[in-house]
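Structure first, commentary second.
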Amino acid sequence: MRLKDKVAIVSGGANGMGEAEARLFAREGAAVVIADVIEKGESVAADICASQGRARFIRTDVTSETNWASTIAETVREFGKLDILVNNAGISGSAVGDHDLLDGWMKILNINATGVFLGTKLAAAEMMKAGKGSIVNISSIMGFVGSADGHPGYAASKGAVRLYTKAAACRYGPHGVRVNSVHPGYMPPMLNGTNGGTRSSKIEFTPLRRLGEPMDVAYGVLYLASDEASFVTGTELVIDGGYIAQ
Ligand SMILES: NC(=O)c1ccc[n+]([C@@H]2O[C@H](COP(=O)([O-])OP(=O)(O)OC[C@H]3O[C@@H](n4cnc5c(N)ncnc54)[C@H](O)[C@@H]3O)[C@@H](O)[C@H]2O)c1
């Protein structure tokens, strides 16, 4: 087992990629806290426990520093420590209305970027007590390139995550805490709202000629979270079928 006896928090772990990561981590031996705003996290945690895994749902809004502090404290109280944080919670550029609206910009930046900053800061403080830990921040290919789809604040938020990750890696590395970013390409569930034409054009533009699946990303996150990546920090793992290789 690649995460035997580790303790992990996965934000946004109730659905999509976060759910895939939570389930995979549990199968690989970790106790997993699903930190999300939707109640589905309760049933995902129950399902993991029913399959002999260890998991718990803790309602957490990643934009709240108070929520983060109590989720981390509760995790340590229940499972004894914190080894891994996956900052996966996020909203898409289509989840807010008009592309030019300031409140859309603020909402996206708040959840996708500020949420990652708060989670990283508080988790790193806990991990530094033990002198080790791994934080994986979910950015996007939109952290590298722009797109006319959705609110432009999405690319801004994901670019912020990409470079904040490097700053955090420099800051926390001397204390044994690694911080890396993962950059998924197009895949469900976020892509589900997209129309058929957009979908097929994205497939056509992808060298591997398919959309991704949450498990494609989960395996990459597992590697960075595990001790196999013990000399890897401040780096970027793109998982996009080659979409931005051209
Ligand atoms: N699916 C894609 O095409 C794609 C591509 C690149 C990057 N991503 C990124 O991957 C991550 C997961 O996306 P997904 O496709 O699985 O989407 P998803 O909508 O299925 O999952 C996102 C999860 O985050 C949770 N969440 C939203 N706001 C929150 C908040 N304030 N506090 C706590 N939890 C909150 C949601 O409840 C949900 O469970 C996101 O950061 C997204 O930006 C997705």
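Nothing in this text is a laboratory measurement; each read-out follows from the coordinates by a stated rule. Please read all numbers here as calculations on a predicted model, not as lab measurements. A quick note on method: Cβ atoms are made from the backbone with ideal geometry, for glycine too, and the neighbour counts reach across all protein chains shown.
For the chain, the 222 nm mean residue ellipticity estimated from helices alone, with every DSSP H stretch of n ≥ 4 adding -39500 (n - 2.57) and the total spread over all residues, rounds to -13000 deg cm²/dmol.
Using every pair of separate Cα atoms, the Kirkwood estimate puts the hydrodynamic radius of the chain at 17.8 angstrom. Using the Cβ-Cβ distance between Ile203 and Cys170 with R0 set to 30 Å, the FRET efficiency from 1/(1 + (r/R0)^6) comes to roughly 0.20. Remark on region 65-181: hydrodynamic radius 14.7 angstrom, per the Kirkwood mean of 1/r across alpha carbon pairs.
As a calculated quantity, the FRET efficiency between Asp5 and Lys121 at R0 = 30 Å, using C-beta atoms, amounts to about 0.75.
Averaging the Cα positions of each part gives two centres, and for region 1-44 and region 140-173 these lie 23 Å apart. Applying a threshold of 25 Å to the alpha-carbon distances of Lys132/Lys166; Lys6/Lys158; Lys166/Lys202; Lys81/Lys121; Lys121/Lys158 flags Lys6/Lys158; Lys166/Lys202 as lying beyond it.
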